[in-house]
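What follows is calculated from the coordinates using simple rules that are stated; it is not laboratory data. Bear in mind the structure is a predicted one, so any value in this text is a computation, not a measurement. Ideal geometry is used to build each Cβ from the backbone, glycine not excepted, and the neighbour counts take in all protein chains shown.
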Amino acid sequence: MKKSLLWLLIMLLTVSMVATFSLAGCKKAEEEAAPAEEEAEEEAAHAEEEAAEEAVEEEEVELGPEVELTMLNYLDITSPEAKGWDTVVEAFNAKYPNITLTVENSFGDAYHQKLAALAAAGDLPDVMYLWPSGRSIEIYRNELTEDLFPFLGADIDKYTPAAVAPQYDGKLYELPITAGTACHVLYVNTKILDDLGLSMPATYEELVAMGPTISDAGLYPILMANKAAWVMQSCLFSALVGRIAGQDWIDKVITGEASFTDQEFVDSLALVADLYETGLLPPQSIQLEYGDSPNLFATGRSPFMIDGDWRVGALTPLLTAEEQADIELAVFPDITGQKGESGSTAGVASTGFGMKAGLTGDKADAAWKWISFFAGPEAAEIRFLGEGMIPNYIIDLSAYEDVKPLVVKRAAFYGEVSTNTAVLDSVITGDPINLINDGLQQLALGDITPEELAADIEAAMELMR
């Protein structure tokens, strides 16, 4: 379209120049120029028609058989990110008007429970939001979804290699939408720290020492919405285990070469308990709904918020560009005796959509159209500009102007962290991960000791190794 518009502009300028020079000449020249002007105008009109035709072509409206796709989508419809989802769906509907999306949205543990129930009943939707490993592993083990490698074909070169690496059993069950996900980010409001005469802590001890000053100012020392059991495990505890015990230990505990009763893991649990005991995490944090933190953080209720990198998408609509300039993305400070790398976070390969096994013909074609569209350039651009998601699909991000400050900082964050360690629910499933999730809340309430919880987790894990 850009080339067509440029050609049209050139033609219009040519017509204007012909008219200008004609007026400067004699009557004879005007008479000679008149046919030329008419011819130029006809060419301009023709060029405009071609531009309009090309515009229609560039919209890439694809017509085909009428198909309905049922979908289970992972989305909190009350979150700011929901606006980006609506924009993506509108773009898909415009491109594929023959495909009707029948969408059911769910979020958090409710989503995983719903998906598991549908799988057990043999009633999976046509397409569903999936994780590369842990959270969706039972779906893959039972071969309930299609391998997407045959659909992807040569287009695999259009995606980040690490993001389209083989998943369970060497297959690709979901097409990731980003190059990766950092599940642990420490969001820092530097203006609040400056106003309180504080600076970014380098160690956990320094963070603890800051607590009373922050509390005395009437603020939460750290914001973290822990009512949903998965949040603490995914967004902080996994990073603490990776930092205190190290990735090698995580690999060994899965195979049984290490034990959850090892001191490294007990110390990780103890640090969570200490966060509550010191008041860094107020007791009411386990009553905060997951959607509460961004609004509280954006309104200056705390200098720190712990969440995943995706929360940039929730914060950007709530903060002006000037306010975003005061926000930094960091990780939990160093911990005495840690065996993992300083500056590490916990991350996973990205999530995305997959399709139910056994789809054929028009239904399979429509399912792939949605999956590839959702991970492809149009949807990637929408998420990058609106939420700061760094896409799996390879596009030149430097071409975009006026990118929001937090989006830029999110992109820089990935280059600043030293390494990613495993998010526990990506490598541990079943009763052990449920015990970890629920046990972290029990620690907050003082209903269990770190040693007791570690022993319970190890006992459950022994049954699965």
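Quick notes on this one:
- Formal net charge of residues neighbouring L198 (Cβ-Cβ distance under 13 Å; K, R +1; D, E -1): -3
- Overall dimensions of the range 313-383, expressed as equivalent-ellipsoid semi-axes from the Cα gyration tensor (√(5λ), whole Å, largest first), are 38, 22, 8.
- Derived scalar couplings between HN and Hα for the range 303-315 equal x, 10, 9, 10, 6, x, 5, 5, 5, 4, x, 7, 7 Hz in order, rounded to whole Hz, by the Karplus curve 6.51 cos²θ - 1.76 cosθ + 1.60 (θ = phi - 60°), x for Gly and Pro.
- Sequence-distant residues sharing a close amide H with S342 (under 5 Å, placed H): none
- Peptides 449-457, 128-136, 431-439, 394-402, ordered by how many other C-beta atoms sit within 10 Å of their residues on average, highest first, read 128-136, 431-439, 449-457, 394-402.
- Furthest towards positive pole of dipole, L281, A357, S342, structure part the range 278-362, Cβ charges: A357
- Filter on K95/K356; K83/K227; K191/K404; K158/K227; K95/K227 - keep pairs with C-alpha separation over 30 Å: K158/K227; K95/K227
- Neighbourhood charge, 14 Å Cβ-Cβ cut-off, centred on T316 and excluding it, Lys, Arg +1 and Asp, Glu -1: -2
- In sequence order, the range 407-423 has phi-based couplings of 5, 4, 5, 5, 4, 5, 4, 4, x, 8, 6, 6, 6, 9, 9, 5, 7 Hz under the Karplus curve 6.51 cos²θ - 1.76 cosθ + 1.60, θ = phi - 60°, and Gly or Pro positions carry x.
- Summed residue charge, Cβ within 10 Å of N437's Cβ, Lys/Arg positive, Asp/Glu negative: -3
- Protection proxy ranking of 314-322, 350-358, by the mean of other Cβ atoms within 10 Å over each peptide's residues and highest first, is 350-358, 314-322.
- Our estimate of slack between R141 and D362, defined as 0.36 nm per intervening residue step minus the Cα-Cα distance, is 76.9 nm.
- Of I192, A239, V266, farthest towards positive along the dipole that unit charges on Lys, Arg, Asp, Glu beta carbons give the chain: V266
- Taken one residue at a time, the phi angles of the range 280-297 give Karplus couplings (6.51, -1.76, 1.60, θ = phi - 60°) of 4, 9, x, x, 5, 5, 7, 9, 7, 5, 4, x, 7, 4, x, 5, 5, 5 Hz. Gly and Pro are set to x.
- Amide hydrogen neighbours beyond the local backbone of T421, cut-off 5 Å, H modeled: T345, A346, G347
- Packing order of peptides 266-274, 117-125, highest average first: 266-274, 117-125 (average count of other Cβ atoms within 10 Å over each peptide's residues).
- For the chain, the longest principal axis of the alpha carbon atoms and the long axis of helix 204-216 meet at an angle near 80°.
- Per-residue ellipticity at 222 nm computed for the chain from its helices equals -15000 deg cm²/dmol, with DSSP H segments shorter than 4 residues left out and the rest contributing -39,500 (n - 2.57).
- Think of each Lys and Arg Cβ as +1 and each Asp and Glu Cβ as -1; about the Cα centre, that makes the dipole of the chain roughly 1260 debye.
- Measuring spread by the Cα atoms of the range 199-301 yields a radius of gyration and Dmax of 15.3, 47 Å.
- Overall form of the range 259-369 per C-alpha gyration tensor (a/c, 1.5; a/b vs b/c): oblate
- Debye equation applied to the C-alpha atoms of the chain, log10 I(q)/I(0) at 0.06, 0.11, 0.14 Å⁻¹: -0.34, -0.92, -1.37
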